[in-house]
1. For Val20, Val33, Val48, Val43, what's the fewest-to-most ordering of other Cβ within 10 Å of each Cβ?
2. Report, to the nearest 10°, how far helix 42-52 tilts away from the longest principal axis of the Cα atoms in the chain, using its own Cα long axis and a range of 0 to 90°.
3. If you place +1 on the Cβ of every Lys and Arg, -1 on the Cβ of every Asp and Glu, and leave all else neutral, what size is the dipole of the chain about its Cα centre, to the nearest 20 Debye?
4. Could you list log10 I(q)/I(0) for the chain at q = 0.11 Å⁻¹, which the Debye formula gives when each Cα is one point scatterer?
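Read-outs throughout are calculated quantities, based only on the coordinates presented, and are distinct from any laboratory measurement. Note that this is a predicted model, so its numbers are computed, not measured. Heads up, the Cβs are rebuilt from the backbone with ideal geometry, glycines too, and the neighbour counts pull from every protein chain shown.
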Amino acid sequence: MSPEEVENTLREGLPDCEFVVQRDGSHYAIRAVGKVFDGKRPVQRQQVIYAALKEQIASGSIHAVHMKLFTPDEWQRHA
């Protein structure tokens, strides 16, 4: 899958988030910023992303995912 395809899949499942997706083989790096992450612990945030990509992970199209997940406030302080 191309990074654009992964990003489109994520946007379908999480339309109120902003994404940057990079790929190295079947390994993907995802940066996501969205209110959906408010009040969630890191593992809960990852579960949101895994749920959106479950079909691609199950099929083997995506082998590994490295995630950096932020609320809008966190991203403002980070940037």
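1. Values: Val20 12, Val33 22, Val48 19, Val43 7.
By the 10 Å Cβ count, ascending: Val43, Val20, Val48, Val33.
2. On a 0 to 90 degree scale, this one is about 40.
3. Working: 10 positive and 11 negative charges, 69 e Å.
Dipole about the Cα centre, nearest 20: 340 debye.
4. -0.25
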